[in-house]
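**Q** First the structure, which I've put down as structure tokens, then a few questions once you've had a look.
The values are calculated or read from the model by the stated rules, or taken from the named source; none is laboratory data. Since the model is a prediction, treat every value here as computed from it, not as a measurement. Please note that ligands, DNA and RNA were not included when accessible areas were found on the heavy atoms of the full protein model with its side chains. Shrake-Rupley method; radii C 1.70, N 1.55, O 1.52, S 1.80 Å.
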Amino acid sequence: MGLTSDDPVLHMRIWGRSFPNPIGMAAGFDKDAEVYDSLLQAGFGFVEVGSITPEPQPGNPKPRLFRLPQDSALINRMGFNSRGFARARQRLESRRQLRRGIVGVNIGKNRNGEAEADYMRGIRELAAYADYLVINVSSPNTPGLRALQSAVALRSLIAAVQRARGEAVTADPLPPLLLKLAPDLTAEDRRDIAGVAAGSGIDGLIVGNTTISRPPSLHGPHRSESGGLSGAPLFSLSTEVLRDIYRLTEGRIPLIGVGGISSGADAYAKIRAGASLVQLYTALVYQGPGLLRRMKAELAQLLRRDGFAGLAEAVGADHRPGMER
Ligand SMILES: Cc1cc2nc3c(=O)[nH]c(=O)nc-3n(C[C@H](O)[C@H](O)[C@H](O)COP(=O)(O)O)c2cc1C
């Protein structure tokens with residue numbers, strides 16, 4: 001449906017931006033910012049393009065994407081195949097005037113790049129076209145990337161990218177800066193990250209990326225391929241990490257919930273656990289774009305059933321006394 005025709009109960013206002021519905025296209029589908037307009041037209045409330053790396057790079061050798069249909073899951077080790085910042089910038093250029101829909105830009109680093117420098121360059125070159133910016137420190141397929149989630153590394157990285165944003169854009173409000181986290185963080189990692197995030201002025205956290213874990217329930221013959229697992233088997237892990245991060249940050253930092261969402265009920269569970277917005281990828285592969293209409297209708301119905309006048313009221317509801325389900 002068009003950009004403003006969604007049920008008003010699904011509207012979400014956050015970071016000074018109006019989302020017609022909270023269901024976003026997760027990063028990795030439109031890696032080079034080529035089809036974001038079509039995805040918005042298909043009914044997504046927002047689209048995250050990327051991850052984009054500074055210089056073009058081919059990513060890992062094929063095969064690098066495996067279907068596990070029995071599990072409604074995928075395993076990928078794409079390794080940031082990207083046409084680079086310059087090309088993405090061209091594709092996003094038209095957005096400078098005509099800002100239709102909400103497009104986030106997810107920045108990665110080159111395999112042999114230097115993390116801080118690559119992310120700063122990404123902010124400088126792409127911030128002017130982004131409704132929000134994501135520093136992806138959680139892909140399992142770029143060696144060393146996830147180590148950036150340690151408290152010390154994160155503190156310095158956040159300061160650097162905030163500086164770059166301040167130099168790159170003067171827009172008011174500045175495009176919000178988000179970090180995308182792995183669902184494989186230990187309890188200690190989560191505590192550290194919540195502490196750093198709270199003191200850093202970071203605008204949001206995305207929880208999260210694919211998992212390197214392999215739940216014992218997997219049936220698909222490809223289950224032992226290396227890479228990140230996405231889809232239904234990731235749902236409970238990623239939702240529990242989201243819930244914990246919301247608790248640790250006391251609901252003060254907006255969260256985007258991602259991982260295994262394939263229905264309105266799944267989206268609702270993430271919202272109640274603390275997500276202000278959600279995203280999906282794998283379910284679209286198995287169910288096609290008709291999924292969006294079904295999900296939006298179901299989510300609106302669940303919000304009304306539970307007496308919420310708008311989506312914002314339901315965010316983190318599981319954490320409030322008397323509202324647990
Ligand atoms: C083929 C594929 C490529 C992906 N590439 C990226 C990427 O470049 N950057 C990123 O932050 N996440 C990437 N992701 C992760 C997704 O954005 C999402 O976090 C993850 O798939 C969990 O959501 P889902 O279970 O709905 O698929 C990729 C996922 C898949 C399946």
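**Q** Apply the a/c threshold of 1.5 to the C-alpha gyration tensor of the stretch 1-124 and tell me whether it is rounded, prolate or oblate.
**A** Here the stretch 1-124 falls in the oblate category.
**Q** Contact order normalised by length for the stretch 1-98, with contacts defined as Cα pairs under 8 Å and 6 or more residues apart; what percent is it?
**A** 24
**Q** Let me ask something else. State the percentage of accessible surface on the chain attributable to carbon and sulfur atoms; use a 1.4 Å probe and exclude ligands, DNA and RNA.
**A** 51
**Q** Where in the chain are the DSSP H helices whose alpha-carbon span along the long axis reaches 24 Å or more and whose Kyte-Doolittle mean is at least -1.0?
**A** Span-like helices in the chain: 151-168.
**Q** Need one number: % antiparallel among DSSP beta bridges in the stretch 135-255, to the nearest 5.
**A** 10
**Q** Next question, about the same structure. How much of the calculated P(r) for the stretch 189-298 lies past 25 Å, in percent of all Cα pairs?
**A** 26
**Q** Continuing with the same structure: Hey, if you drop one equal point scatterer on each alpha-carbon of the chain and run the Debye formula without solvent, what base-10 log of I(q)/I(0) do you get at q = 0.09, 0.10 Å⁻¹?
**A** -0.41, -0.51
**Q** Which semi-axes, in whole Å and largest first, does the equivalent ellipsoid of the stretch 239-302 have when worked out from the alpha carbon gyration tensor as the square roots of 5 times its eigenvalues?
**A** Working through the eigenvalues yields semi-axes of 23, 12, 8 Å.
**Q** Over the stretch 28-174, what is the relative contact order in whole percent, taking alpha-carbon pairs under 8 Å and six or more residues apart?
**A** 23
**Q** Report the semi-axes of the equivalent ellipsoid for the stretch 183-223 in whole Å, largest first, where each axis is √(5λ) for an eigenvalue λ of the Cα gyration tensor.
**A** In descending order, the three semi-axes are 30, 11, 5 Å.
**Q** How many angstrom separate the Cα center of the stretch 82-137 from the Cα center of the stretch 1-50?
**A** The stretch 82-137 and the stretch 1-50 have Cα centres separated by 17 Å.
**Q** Right, here's the next one. State, as an integer percentage, the relative contact order of the chain based on alpha-carbon contacts under 8 Å between residues 6 or more apart.
**A** About 18 percent, as a whole number.
**Q** Please find, in a Gaussian network model of the chain (springs between Cα atoms separated by less than 10 Å), the residue of Gln279, Gln149, Gln301 whose mean-square fluctuation is greatest.
**A** Its mean-square fluctuation being the largest, the pick is Gln301.
**Q** Which pairs, out of Lys31/Lys270; Lys31/Lys109; Lys109/Lys296, put more than 23 Å between their alpha-carbon atoms?
**A** Lys31/Lys270; Lys109/Lys296
**Q** If you project the alpha carbons of the stretch 144-234 onto the principal axes, what extent comes out on each, in Å, largest first?
**A** Principal-axis extents of the Cα atoms in the stretch 144-234, largest first: 51, 27, 21 Å.
**Q** May I pose another question? Please give the per residue accessible area of the chain, computed with a probe of 1.4 Å over protein heavy atoms only, in Å².
**A** 40
**Q** Once every DSSP H run of n ≥ 4 in the chain is given -39500 (n - 2.57) and the sum is divided by its residues, what mean residue ellipticity at 222 nm do you get, rounded to the nearest 500 deg cm²/dmol?
**A** My calculation for the chain gives -10000 deg cm²/dmol from helical runs alone.
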